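Reviewing the structure listed below.
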Amino acid sequence: MLERDRLVLERDGHMRRNAWFERTSLVVILSGLFATGAARAQTAHSDLVGCDGCHVPHNADRMPGVPLWNGSETTVTFTMYSSATFQGTIDGQPSGASKLCLSCHDGANPNFLWMSDEKKFGSGDLSNSHPISFVYDSALAAADRGLKNPAQPSTLGRTIAADLLDAESKMQCNSCHDVHTSGIGQYQLRGYDYGLSTVRNADGSTHQIHHGPELCRMCHLK
């Protein structure tokens, strides 16, 4: 074989290998991107209703602590939670992030009437739902005796106060529901899917875990 022919064959071989490597690398990169996108779709509320369910890029209303708020704000007067055994003091009406959530979930916003009844509060009735808009501090924990001190660790990496409460130490809708990053399942529960998962035991058998109580036990001594 002539030296010129040998060099041509080597060049062609290198070109084919480089082309294969580039195609393979592209597939790997794209697979990673799509996998990342899928993971985000499982955790972001914006993938369900869009970012503009809460935010708009132009002509936004001003609301403290809320960037580019879309201006929708509930006008419903709510019946708040009440119980003879509850030791806390609940605000007269939803406050903080809860008021924002109820802008859509109040059952009165005409743009969100398509929501199922289990995802909105008809007639402004919050009396049978977990209490919101109340201060959860060490004094409440001591008085209640069924709650953990919010200075204790949560199961999300920091303390209960840091992971679940707002800047005023209040329990709000987003104490349990995280619409931006860690929400899991159709109810966007913070860190947990309120449902069953199958776990494999060391001996090969399986059992099911109900995750709802894990979320509740972050605060409740049960």
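Some points to look at:
- Peptide packing: for 92-101, 68-77, the average count of neighbouring Cβ atoms within 10 Å per residue gives the ranking 92-101, 68-77, highest mean first.
- Under-5 Å amide H pairs with HIS177, H placed in peptide plane, nonlocal only: ARG190
- Table column - 3J(HN,Hα) (Hz), the range 87-97, Karplus curve with 6.51, -1.76, 1.60, x for Gly and Pro: 8, x, 10, 8, 4, x, 9, x, 10, x, 5
- The P(r) of the range 46-216 has a tail past 28 Å containing 29 percent of all C-alpha pairs.
- By DSSP, the beta bridges lying fully in the range 46-216 are antiparallel in about 95 percent of cases.
- Out-of-range pairs (alpha-carbon distance over 23 Å; input LYS99/LYS120; LYS120/LYS148; LYS99/LYS119; LYS148/LYS170; LYS170/LYS222): LYS120/LYS148
- Within the shell defined by Cβ-Cβ distances under 15 Å, the residues around GLY195 carry a net charge of -2, with Lys and Arg each +1 and Asp and Glu each -1.
- Here the label points at ALA60 and ALA139, each 7 Å from Cα along the C-beta direction, are separated by 3.5 nm in the simple model.
- Under 13 Å, Cβ to Cβ, from SER154 - net charge with Lys/Arg +1 and Asp/Glu -1: +1
- Relative contact order of the range 158-222, pairs being alpha-carbon contacts under 8 Å that are 6 or more residues apart, as %: 20 percent
- Full-extension gain in nm, TRP114 to THR79, via 0.36 nm per residue minus C-alpha separation: 10.3 nm
Where a number appears in this text, it was derived from the coordinates with a stated rule and is not lab data. On a predicted model such as this, the values are computed, not experimentally measured, just so you know. Positions of Cβ are backbone-derived with ideal geometry, glycine not excepted, and every protein chain shown enters the neighbour counts.
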